[in-house]
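Peer 1: Below is one structure. I have some questions about it.
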Amino acid sequence: MVQLRTELVVVVPQKCLDRAKTRLSGVLDEEARVTLTLALLRRTLEVCSRLAGVARLILCAPDDLRSLADKFSAELRCGGDDGMRRDITMCSECWHVHGRAALLIVSSDLPLLQTEDLQQVIAAWQQGAQLVLVPDRRQRGTNVMLVNDPEHFEYAFGEVVGPGSFHTHRSLAEGLGLTLAVIENPRLSLDLDLTEDLIAFVEQAPDDPLAQYCKDQADDLFRTE
């Protein structure tokens, strides 16, 4: 019988703004990338703050984002300098998670994110999954992840080479004998890492003000003759 924890903590990791979305530098200048990053982060925190039954919301990010954390009643844990793997490990070991709470990890760059998407992930955990994984649309990265025993899991975020964090997380779960659920959700699978992701966002949500902003800022990319 799987012993599920009774508390749930949500963590949103965010790297330093001057290092965010650098793979979009070919189509967006630095100011536009920072604006996009902040808009996505606000959207993520707003969605997470609406989740019912969450004991605590954590923003793991540089200290200059403290006021944004306060706006959404999130606890700020300073991070963003040494990589997502270290930040998530740190959050897993903090006192209000270690030994008492499951951890829901939500990437901060999911432009189509809605509350019901995260409720779907939580429901899979409540039904007995010790690990819930939501891959990106390339089946490489892990966009959302819920871990029942977070302090005992070895995270693979940040894997640039090799199979990617999704496959590594899945293999780790299988090796540990964890009950695993993989959720294919098109809204959760779209993250804004590459130019083609930006194009997909604009195509899928043309009326979204943030999509319109991206289209305006990357004018050459979307210009039609």
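Every read-out reported here was derived from the displayed coordinates using simple, explicitly stated rules and does not represent laboratory data. In this text, all values refer to a predicted model and were calculated from it rather than measured experimentally. In this analysis, Cβ positions are derived from the backbone assuming ideal geometry, glycine residues included, and neighbour counts consider all displayed protein chains.
Peer 1: On alpha-carbon atoms, Rg over Rh for the chain using Kirkwood Rh? All intermediate terms of the calculation are to be shown ahead of the outcome.
Peer 2: Numbers: Rg = 17.1 Å, Rh = 17.8 Å.
We get a ratio of 0.96 for the chain.
Peer 1: Treating cross-link reach as a plain straight distance, find the lysines whose alpha-carbon is under 27 Å from the alpha-carbon of residue 71, omitting any fewer than eight places away in the same chain.
Peer 2: Of all the lysines, those that pass the test against residue 71 - Cα under 27 Å, at least 8 places apart if same chain - are 15, 21.
Peer 1: Could the peptides 110-116, 25-31, 81-87 be put in order, highest first, of the mean number of other beta-carbon atoms found within 10 Å of their residues? Show your work: numbers first, answer last.
Peer 2: Working: 110-116: 19.1, 25-31: 13.9, 81-87: 16.7.
Going from most to least packed, we get 110-116, 81-87, 25-31.
Peer 1: By its C-alpha gyration tensor, with a ≥ b ≥ c as the square roots of the eigenvalues, how is the range 36-101 shaped: rounded for a/c under 1.5, else prolate for a/b larger than b/c, else oblate?
Peer 2: Working: a/c = 1.91, a/b = 1.14, b/c = 1.68.
Verdict is oblate for the range 36-101.
Peer 1: Compute the angle between helix 195-204 and the longest alpha-carbon principal axis of the chain, please, reported from 0 to 90 degrees and rounded to the nearest 10.
Peer 2: Around 90 degrees separate the two axes.
Peer 1: If r is the Cβ-Cβ distance from residue 174 to residue 93 and R0 is 22 Å, what FRET efficiency results, to the nearest 0.05?
Peer 2: Details: r = 24 Å, r/R0 = 1.09.
Approximately 0.40, to the nearest 0.05.
Peer 1: If you don't mind, another one. What are the aspartates and glutamates whose alpha-carbon lies under 15 Å from the alpha-carbon of residue 215, with same-chain residues fewer than 8 places away excluded?
Peer 2: Cα-Cα hits under 15 Å: 29, 31, 196, 197, 203, 207.
Peer 1: What size of dipole, in debye to the nearest 20, comes out for the chain about its Cα centre when the only charges are +1 on Lys and Arg C-beta atoms and -1 on Asp and Glu C-beta atoms? Let's see the in-between values first.
Peer 2: Numbers: 23 positive and 35 negative charges, 127 e Å.
Its charge dipole is roughly 600 debye.
Peer 1: If you take every residue apart from residue 134 with its C-beta less than 12 Å away from the C-beta of residue 134, what net charge results, scoring Lys and Arg +1 and Asp and Glu -1?
Peer 2: Details: positive: 137, 170, 187; negative: 117, 136, 184, 191.
Overall, the nearby charge balance is -1.
Peer 1: Can I ask one more? Given the options 91, 65, 14, identify the residue whose Cα lies farthest towards the positive end of the charge dipole of the range 7-218 (+1 on Cβ of Lys, Arg; -1 on Cβ of Asp, Glu).
Peer 2: So the residue furthest toward the plus end is 91.
Peer 1: In whole percent, what relative contact order does the range 7-218 give with Cα contacts below 8 Å and a gap of six or more residues?
Peer 2: Details: 379 pairs, mean separation 49.1, N = 212.
23 percent.
Peer 1: Which percent, to the nearest 5, of DSSP beta bridges fully inside the range 7-218 are antiparallel?
Peer 2: Values: 9 of 26 bridges.
Antiparallel bridges: around 35 percent, rounded to the nearest 5.
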